[in-house]
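The values are calculated or read from the model by the stated rules, or taken from the named source; none is laboratory data. This one's a predicted model, so the numbers in the text were calculated from it and none came from an experiment. In this analysis, Cβ positions are derived from the backbone assuming ideal geometry, glycine residues included, and neighbour counts consider all displayed protein chains. For accessibility, only protein heavy atoms count, side chains too; no ligands or nucleic acids. Shrake-Rupley method; radii C 1.70, N 1.55, O 1.52, S 1.80 Å.
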Amino acid sequence: MIPISVVDLPPGTEASVLEVLRSGMLAQGRKVVELEARFADIVGVRHAVAVNNGTTALVAAMQVLDLEPGDEVITSPFTFVGTLNAILECGAVATFADIDEEDFTLDPVSVAALINDRTRVLLPVHLYGQAADMTALMPLARAHGLKIVEDAAQAHGATIEGRGVGTFGLGAFSFYATKNLTTGEGGMITTDDDFLADRLRVLRNQGMRDRYVYEMPGHNYRMTDLQAAVAVPQLGRYPQLVSQRQRNADRLITGLKGTPGLALPSQRPGRSHVWHQFTVRLLPDAAVGRAEFLERLAAGGVGAGVYYPKTVFDYACFRSHERVRVTEVPVAERVTAQVVSLPVHQHLSAEDVDTIISVVRNVLDGPAA
Ligand SMILES: *Cc1c(COP(=O)(O)O)cnc(C)c1O
C-alpha cells in the first residue's frame, strides 16, 4: 500500500533529542529558541513564538487581539475542526464565507458580503499547502479594520507574490505528526508585530513577565525542548522536501490530465504550493462515485483520504451552537462531496507516482477505445 502520509525524520533526530535529554533542560531551554529563530527565517517574519500545538496557536493568536463578546470572525467552512474550535474557545462568533472551487480557499467576494460592524477578524485557511488569495483579502481587511489570523497549519513556507504565509497578521502553524514539518505535537505563531509577539510570549507562560510578576491572565501553552529537538533537524532539508513534493505533484498532474470525471488541483499564478495534500475532485460525470473510487484505489494499493467530508459546521454540536452562524456555502458543500486526496509526499518514487496514476486512470478512463 502506498500510504497517504509518512512520518519521516532525518538521521540527526535521535542525536538532537538525546542532546536535550542529557542537558537536563527539558523545557524552557535553548532548542525552542533555536527552532523559533530558524522557523522565523523560513516564513520570512520577525517573530516566531512556539506553542504546544496548532490549535493553541490559533487560540493564542486570537486571545492577544482582545476580542469582545459578540465579535465575529470570518473563516472558511472547508477546514479542519481545529479552526472552528479555536474561534469558539476565544468566545467569538464564527461566520463562514464560501470558497473558490479551484483553490479551495476563501472567496474574497463571499468574504466581502459577510463583513459587518461586528466583524473583527478575518481568518483565512491556507488549505492543502497553497496560500489563500491574500492579494484580494488584504485590501478588504484594511478597508474594514479587520485583524488577520492565518491558519497556516498546512502551509509551512508557502508564499504568495513572494511573501510568506504567516506574515500578513498573525500566522498559526501546526507541527502535528503528519504535517510537512513535525514535532509530534506542536505549533508556532508568527508575526511582524513586536507588540503582539511580546504579548504572545507572556500569554503562553501563565501571563508572567518575570518570575511571579503576572501581567495578564495567561495559560501554559509552552512547547517542550524535546519537541523542538525533533523539528530542528528537519529545517535544513525542508526546501528539498517541498521540491520533491512539487515534482510529485507535477508528475501526477501530467499523468492524470484529461482523465474523465476528474478535476486536478490548480496552482494559482503568484502562489507557491508546498503540497501538504494533492487533492482532486471527482465530478458528477465520473465513471464511479467517491465511495467506490476510494475502494478501488485501496484495492490497487493506493492510500487516499477525504479531507474534509463535510463543511466544518455541519455537525449537531456546531449547528446548535449559539456562536456558530451557519450560512449558505454552496461551493464548499459541493466540494466536500467531491474531494479525494492522493499521496504526494516526498517518499514516493517515480514508480509509486506512476502506480497512482495508472490505478486512478484504470478506475476512471472507462472502456479502452
Ligand atoms: C492540523 C490543523 C490544525 C490544528 O493543528 P493541531 O496541531 O493538530 O492542533 C488547524 N487547522 C488546520 C487547517 C489543520 O490542518
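Brief remarks follow.
- Members of the range 147-161 found to be open to solvent by 20 Å² or more (accessible area, probe 1.4 Å) and either more than 16 Å from the ligand (Cβ to nearest atom) or without any contact (Cβ under 8 Å) to a residue 40 or more places away in the chain (or both), listed by number: LYS147, THR159, GLU161
- Matching residues, the range 113-125, being away from the ligand (no atom under 16 Å from the Cβ) and not in a loop (DSSP other than H, G, I, E, B): ALA113, LEU114, THR119, ARG120
- Restricting attention to the range 316-355, the residues that are more than 20 Å from VAL125 (Cα to Cα), open to solvent by 50 Å² or more (accessible area, probe 1.4 Å) and in a loop (DSSP other than H, G, I, E, B) add up to 4.
- Any chance PRO239 is under 20 Å from the mean Cα position of the chain (by Cα) and surrounded by fewer than 15 Cβ atoms within 10 Å (Cβ to Cβ): yes
- Residue among PHE278, PHE293 that alone is within 16 Å of the ligand (Cβ to nearest atom) and either at pLDDT below 95 or among the hydrophobic types (A, V, I, L, M, F, W, C) (or both): PHE278
- Look at the range 290-304: where a residue is within 19 Å of HIS347 (Cβ to Cβ) and a partner is in a loop (DSSP other than H, G, I, E, B) and open to solvent by less than 20 Å² (accessible area, probe 1.4 Å), sitting 6+ places away or on another chain with Cβ atoms under 9 Å, you get LEU297/GLY303; VAL302/PRO343; GLY303/PRO343; ALA304/PRO343.
- Considering the range 162-183, and only residues there that are within 16 Å of ASP41 (Cβ to Cβ), more than 13 Å from the chain's Cα centre (by Cα) and of a type outside the set (Lys, Arg), the residue that is farthest from the ligand (Cβ to nearest atom) turns out to be GLY162.
- Qualifying residue in the range 3-13 (condition: within 16 Å of the ligand (Cβ to nearest atom) and either of a type in the set (S, T, N, Q) or buried (at least 23 other Cβ atoms within 10 Å of the Cβ) (or both)): yes
- Every test in (1) closer than 30 Å to GLU161 by Cα; (2) touching a residue at least 60 places away in the same chain (Cβ under 8 Å) is passed by VAL324 save one, and that test is (1).
- Scanning the range 78-92 for residues that are in contact with a Pro (Cβ under 9 Å, 6 or more places away or on another chain) and surrounded by fewer than 23 Cβ atoms within 10 Å (Cβ to Cβ) gives a single hit, GLY91.
- Candidate set from the range 302-345 (those that are among the polar types (S, T, N, Q) and modelled with pLDDT of 95 or more); member that is farthest from SER5 (Cα to Cα): SER320
- Residue count for the range 37-46, restricted to those that are more than 15 Å from the ligand (Cβ to nearest atom), crowded, with 21+ Cβ neighbours inside 10 Å and not in a loop (DSSP other than H, G, I, E, B): 2
- Qualifying positions in the range 67-112 - without any contact (Cβ under 8 Å) to a residue 60 or more places away in the chain, farther than 25 Å from SER266 by Cα and either among the charged types (D, E, K, R) or more than 16 Å from the ligand (Cβ to nearest atom) (or both): LEU67, GLU68, PRO69, GLY70, ASP71, GLU89
- Looking only at residues of the range 55-77 that are open to solvent by less than 10 Å² (accessible area, probe 1.4 Å) and in contact with a Phe, Trp or Tyr (Cβ under 6 Å, 6 or more places away or on another chain), we find that the one that is farthest from HIS321 (Cα to Cα) is ALA60.
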